Amino acid sequence: MTSPAEGITPDASNAGSNDGSAVRRPVVLLTRRLPEAVEARASRDYTAILNPSDAALDGAAIARRAAGADAVLCCAGDRLDAAAIAALPAAVKVLATFSVGTDHIDLDAARARGLTVTNTPDVLTDATADIALLLILGAARRASEGERMIRADSWTGWTPTQLMGTHLGGKRLGIVGMGRIGQAVARRARAFGMTIHYSNRKRLPPELEEGAIHHADPEAMLAVCDVLSLHFPATAETRHWLNAERIEKLPPGAILINTARGSVVDDTAVIDALRRGRLAAAGLDVFENEPKLNPGYRGLANTFLLPHLGSATVETRNAMGFRALDNIDAVLAGRPAPDRVV
């Protein structure tokens, strides 16, 4: 395996043609430490520049470490802005991100440079939907408060009114963004007896809608959301979409769930609503400026908070890495990338 030293010259000594002459192996930079099976495949098929310390790199450092590289396998936390993309070596042909979201990459700059950008759709749908259901249950049933009581040894025993939460059966779940993950969340929520409402750019066909109630205008849907779950990408247009004005359109005591991106909610407005009881609870797996989340969340008993665990299963993270490598394989072989974004 190649060391991650900056300015590395790829070692082609382990490759050769049938006549014994050296053949250069394509070089792939992995910006973060990835699952063992993914790194093993990358090292088998390429000269892999690894990051064993898993230290997050800024865009300039990624560009420096990509010296001699043909492809970069980046991750959601890597800020690849226009300056970083301009600094990438000319030999880099593809940015394959270990994520569905691409808001960390300046897609216009990549397009202007002729870079192919790919993502990893489909493979993390179920894992993320599972986390959304965990957040719904945890927030509704006050699981964080109960767990803290146990750990602090402050539980004095069962009482009839202790930590009474919200029963999900018969409640209305509003989903904004009914893509793969939104649909998977809806399927799971039906098992708890929830009624599904959704808003999406396009109405789903009946076989995918499965009885869910469509709202062309997401703002009009807010009034019927006992639980609101967000599943749309982070863009300039969606930044702080859930603001104070929209929170006031929710039923009193609604529950907020976010597994999309932290920037799609206005933290100040959400924290204020939680403090006032306007929102009964929030289950959050993503945060603006993570890991430096707004400290106001930590002191609230009615928050169920997770450290971006949406896709964090062995099976899913392996599948994400393999999907990213599939895209790199295709581009470097001159084939269309199966998951091309740009």
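The values are calculated or read from the model by the stated rules, or taken from the named source; none is laboratory data. Small disclaimer: the values here were computed from a predicted structure and weren't measured. A quick note on method: Cβ atoms are made from the backbone with ideal geometry, for glycine too, and the neighbour counts reach across all protein chains shown.
Observations on the structure shown:
- Going through (1) among the polar types (S, T, N, Q); (2) at pLDDT 95 or above; (3) in a loop (DSSP other than H, G, I, E, B) one by one, SER53 falls short only on (2).
- Screening the candidates GLY157, GLY146, GLY170, GLY114 for the property of being surrounded by fewer than 18 Cβ atoms within 10 Å (Cβ to Cβ), at pLDDT 95 or above and closer than 30 Å to LEU88 by Cβ yields one hit, GLY114.
- Boolean, ARG187 is closer than 21 Å to LEU279 by Cα and either out of contact with any strand residue (DSSP E or B) (no Cβ under 7 Å at 6 or more places or on another chain) or not assigned by TED's automatic domain parsing to the domain that holds GLY283 (or both): no
- Taking (1) outside any loop (DSSP other than H, G, I, E, B); (2) among the basic types (Lys, Arg); (3) within 14 Å of HIS231 (Cα to Cα) in turn, ARG188 satisfies each apart from (3).
- SER43, sole failed condition from (1) assigned to a helix (DSSP H, G or I); (2) within 28 Å of GLY283 (Cβ to Cβ): (2)
- Every pair of residues 6+ apart whose Cβ atoms lie under 7 Å, when the first sits in the range 80-95 and is of a type in the set (Asp, Glu) while the second is part of a helix (DSSP H, G or I) and surrounded by 14 or more Cβ atoms within 10 Å (Cβ to Cβ): ASP81/GLY59
- Residue within the range 259-271 that is modelled with pLDDT of 95 or more, crowded, with 19+ Cβ neighbours inside 10 Å, among the polar types (S, T, N, Q) and within 18 Å of the chain's Cα centre (by Cα) present: yes
- Hey, PRO252 exposed (fewer than 14 other Cβ atoms within 10 Å of the Cβ) and under 20 Å from CYS74 (Cβ atoms) or not: no
- Among the residues of the range 87-111, not one is outside any loop (DSSP other than H, G, I, E, B) and modelled with pLDDT under 95.
- Among (1) in a helix (DSSP H, G or I); (2) without any contact (Cβ under 8 Å) to a residue 40 or more places away in the chain, the one test that ALA127 misses: (2)
- Any pair with Cβ under 7 angstrom, 6 or more apart, that starts in the range 312-340 at a residue that is farther than 20 Å from ARG32 by Cβ and ends at one that is surrounded by fewer than 15 Cβ atoms within 10 Å (Cβ to Cβ): ALA330/PRO336; ALA330/PRO338
This table checks each residue for (1) in contact with a helix residue (DSSP H, G or I) (Cβ under 9 Å, 6 or more places away or on another chain); (2) at pLDDT 95 or above.
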{"residue": "ALA22", "(1), (2)": "no, no"}
{"residue": "LEU34", "(1), (2)": "yes, yes"}
{"residue": "TYR46", "(1), (2)": "yes, yes"}
{"residue": "ILE49", "(1), (2)": "yes, yes"}
{"residue": "ALA69", "(1), (2)": "no, yes"}
{"residue": "ILE85", "(1), (2)": "yes, yes"}
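- When residues of the range 68-86 are limited to those that are assigned to a loop (DSSP other than H, G, I, E, B) and in contact with a strand residue (DSSP E or B) (Cβ under 9 Å, 6 or more places away or on another chain), the one farthest from ALA260 (Cα to Cα): GLY68
- Residue within the range 139-149 that is touching a His at 6+ places or on another chain (Cβ under 9 Å) and in a helix (DSSP H, G or I) present: yes
- Only one of ARG190, ARG151 that is under 25 Å from the mean Cα position of the chain (by Cα), of a type in the set (Lys, Arg) and surrounded by fewer than 19 Cβ atoms within 10 Å (Cβ to Cβ): ARG190
- The listed residue being surrounded by fewer than 23 Cβ atoms within 10 Å (Cβ to Cβ), within 23 Å of the chain's Cα centre (by Cα) and closer than 23 Å to THR316 by Cα, out of ALA76, ALA42, ALA96: ALA76
- Number of positions in the range 193-232 that are crowded, with 21+ Cβ neighbours inside 10 Å, of a type in the set (S, T, N, Q) and either more than 25 Å from the chain's Cα centre (by Cα) or under 17 Å from GLY170 (Cα atoms) (or both): 1
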